[in-house]
Amino acid sequence: MIPTRIRVLMITGSLAGGGAERVTSTLLGRLDRSRFELGLALLRNRIEYPVPEDVECLLPASSVDGQEPLASVARRRPWVLAQAMRALSRQIDAFQPDVVLSNIDQVNCVTRLALRGGGVRPAWIARVGNNPDFESRLLRPLRWHVYRQANRVVANSQQLGQAVSRFYRLPAERVQTIGNPTDFAAIRTAAVQEIAEPWPGDEPLLVSVGRLVRQKRFDLLIDAVARVRRHTPVRLAICGDGPLRESLERQIARERLTAAVRLLGHCDNPYPWMQAATLFVLSSDHEGLPNALIEAQGLGIPAVATCCRYGPEEIVRHGITGLLTPVGDASGLSAAIWRLLVDPAGRAGMARQAVQSTLPAFDAQTVVGQWEELIEQQACGDRGLSRAA
């Protein structure tokens, strides 16, 4: 018999800005309290997304740096993984969960080690949100073992789920696809707020959102904007910060785009910028299921996105809600942007179709219901860690 309420411990690196972290925050806020009692364990003490007051927060007992990714710390201080594992093992034993839900590749590895070293044997769900081919090579040998020990691995797109099953040689029934829960009502409310520092002018506005890291290929997007501006005026605003900021600033200056491209830094509320956009653009080399693209389409913003592995094909309906372009192709990206900029009627039709297509697939209520069903299934099943075949 399971208790009246299932005790669920969610584990993630931090609740700083990021798509996976936002998913954790949304689940913490929306899981049915009559059925679930929730805890949150963090490896790094950074909380920027909301955490409900009734969630028991287990702050990290390790010295993992609050800013730097775990894999980066581990490269310099290999003992950090062992330290984080021991601290997390104590937290799991203290909370006594029925189900553990871990999120993000590096955290999944630490969670597996912590479960192995602790006295509690909950069911374990590991969520994967990015292409496994591009995850940390440092942890690759460990990952092959880790995911074969999870009771269930959850991917956030169909294509990613197939890749995870293939990459880790998991039976198809051990991998489940659940999309990113998106609170479209809250996003629409946030989108009507005024932009703190508006950008005067009537030139068409492109908006993109994401960390300034190699994966997002903002260098490619800036190149594409330079090409478009040879034929028609356009501006670009990028919401996000990261290690490539200085490099991108140099590129903007080199391309003489200082008046046309703005790096806005981290935006607590990027939605007014999205709402003001003529087009939303995603230029990534790889993804899992990009939240910002879902949100923009839900706001009715036509999109131009690279058809990268994985996710954009499951969000953007090519020619109907936006356009998909080849990965790494600045010329193709600029041509798609130009094509939509000069077609106002086409954009208006895409805007309507984007809302109709996106809301049913990714609405938080629907997606959280899928998570609730999975958690209950795992809580009612075998609590022990599964054994690899």
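Tabulated data
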item: Burial ranking of peptide ranges 86-93, 297-304, 327-334 (average Cβ count within 10 Å, highest at the top); result: 297-304, 86-93, 327-334
item: Stokes-Einstein D for segment 152-209, Kirkwood Rh over Cα pairs, 20 °C, 1.002 mPa s (µm²/s); result: 142
item: Check: the chain dipole with +1 on Lys, Arg Cβ and -1 on Asp, Glu Cβ, in debye; result: 1280
item: Anisotropy class of segment 315-367 from Cα gyration tensor, a/c 1.5 cut; result: oblate
item: Cβ-isolated cysteines (cut-off 4.7 Å), the chain; result: C57, C109, C307, C308, C380
item: 10 Å binning of all Cα-Cα separations within the chain, expressed as whole percents from 0 upward; result: 5, 23, 32, 24, 12, 4, 0
item: Test item: Cα-centred dipole of segment 85-210, Lys/Arg +1 and Asp/Glu -1 on Cβ, debye; result: 1180
item: Estimated FRET transfer efficiency when R0 is 30 angstrom, pair E194-Q158 (beta carbons, to 0.05); result: 0.20
item: Directionally averaged shadow of segment 184-362, computed from the convex hull of its alpha-carbon atoms, nm²; result: 9.1
item: Between segment 81-122 and segment 177-211, the alpha-carbon center distance in angstrom; result: 35
item: Relative packing of 184-196, 258-270, which averages over residues the other C-beta atoms within 10 Å, highest first; result: 258-270, 184-196
item: Options L341, A20, Q365, ranked by Cα towards positive dipole end of the chain, top entry (Cβ charges); result: A20
item: Built amide H within the under 5 Å cut-off of G322, gap 5+; result: A303, R317
item: Potential lengthening between T258 and H145 on full extension [0.36 nm per residue; Cα-Cα distance subtracted]; result: 35.9 nm
item: Assigned charges on the beta-carbon of Lys, Arg, Asp, Glu; segment 184-362 dipole about Cα centre (debye); result: 340
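No lab work stands behind these numbers, since they all come straight from the coordinates. Fair warning: this is a prediction, and the values are worked out from it, not measured in the lab. Heads up, the Cβs are rebuilt from the backbone with ideal geometry, glycines too, and the neighbour counts pull from every protein chain shown.
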